[in-house]
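Chemist: Following this message is one structure expressed as C-alpha cells.
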Amino acid sequence: MTNLQKYAQAFITCFGVTEDKLAELTYQSISEWDSVGHMGLIAELEDIFEIMMDTDDIIDLSSFEKGKEILKKYDVEI
C-alpha cells in the first residue's frame, strides 16, 4: 500500500467518507470532522506513519490536501 493510499484510508476510516469525496474534504465540512474527530484522525496518522506531529501542524491540518503538505515536513512522501 502506498503512502497516499494509507493517508486516504485514514480519512475514510475516521470519517466514513468515500474516496471520491476526499479532495474536497475540509475541517467541519462534515459532522464527523469536528474537534473530536480531528484528534482521532491525528492519532491515526501518527500511528500509520510513526510520527509525532507538532501542535501547530495539528491545528493547521484543515483539509485533505493541506494534510499532504504537512506530512512532507515529517518526511512522509504522499
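The values are calculated or read from the model by the stated rules, or taken from the named source; none is laboratory data. Quick caveat, the model's predicted, so the values are computed rather than measured. Cβ coordinates were reconstructed from backbone atoms using ideal geometry, including for glycine residues, and neighbour counts include every protein chain displayed.
Chemist: Testing residue 71 on (1) in contact (Cβ under 8 Å) with a residue 60 or more places away in the chain; (2) of a type outside the set (D, E, K, R); (3) exposed (fewer than 12 other Cβ atoms within 10 Å of the Cβ), one condition comes back false. Which one is that?
Modeler: (3)
Chemist: Restricting to segment 42-55, name every residue that is surrounded by 17 or more Cβ atoms within 10 Å (Cβ to Cβ) and over 17 Å from residue 9 (Cβ atoms).
Modeler: Within segment 42-55, just 53 meets the criteria.
Chemist: If you check 10, 23, which single one turns out to be surrounded by 12 or more Cβ atoms within 10 Å (Cβ to Cβ) and in a helix (DSSP H, G or I)? Please lay out each step first, then the result.
Modeler: On the way: 23 fails: surrounded by 12 or more Cβ atoms within 10 Å (Cβ to Cβ).
Criteria check complete, one pass: 10.
Chemist: How many of the residues in segment 31-51 are among the acidic types (Asp, Glu) and either touching a residue at least 40 places away in the same chain (Cβ under 8 Å) or part of a helix (DSSP H, G or I) (or both)? Outline the logic, then answer.
Modeler: So the first thing to find is which residues in segment 31-51 are among the acidic types (Asp, Glu), and the list is 32, 34, 44, 46-47, 50.
Right, trim to either touching a residue at least 40 places away in the same chain (Cβ under 8 Å) or part of a helix (DSSP H, G or I) (or both) and you get 44, 46-47.
Counting residues in segment 31-51 that are among the acidic types (Asp, Glu) and either touching a residue at least 40 places away in the same chain (Cβ under 8 Å) or part of a helix (DSSP H, G or I) (or both) gives 3.
Chemist: Would segment 40-49 turn up any residue that is of a type outside the set (Asp, Glu) and in contact with a strand residue (DSSP E or B) (Cβ under 9 Å, 6 or more places away or on another chain)?
Modeler: The answer is no, given that none of the residues of segment 40-49 is of a type outside the set (Asp, Glu) and in contact with a strand residue (DSSP E or B) (Cβ under 9 Å, 6 or more places away or on another chain).
Chemist: Further, regarding this structure: Which of the following residues is modelled with pLDDT of 95 or more and assigned to a helix (DSSP H, G or I): 5, 28?
Modeler: Working: 28 fails: assigned to a helix (DSSP H, G or I).
Only one candidate qualifies: 5.
Chemist: Still on this structure: Sort through 41, 61 and tell me the only one that's of a type in the set (A, V, I, L, M) and in contact with a Cys (Cβ under 8 Å, 6 or more places away or on another chain).
Modeler: 41
Chemist: Here's a follow-up. Specify the residue that is nearest to residue 77 (Cα to Cα); the eligible residues are those in segment 27-45 that are aliphatic (A, V, I, L, M) and within 9 Å of the chain's Cα centre (by Cα).
Modeler: Applying the filter and picking the extreme gives 45.
Chemist: Would you mind telling me which numbered condition in (1) in a helix (DSSP H, G or I); (2) among the aliphatic types (A, V, I, L, M); (3) loosely packed, with under 14 Cβ neighbours inside 10 Å residue 58 fails?
Modeler: (3)
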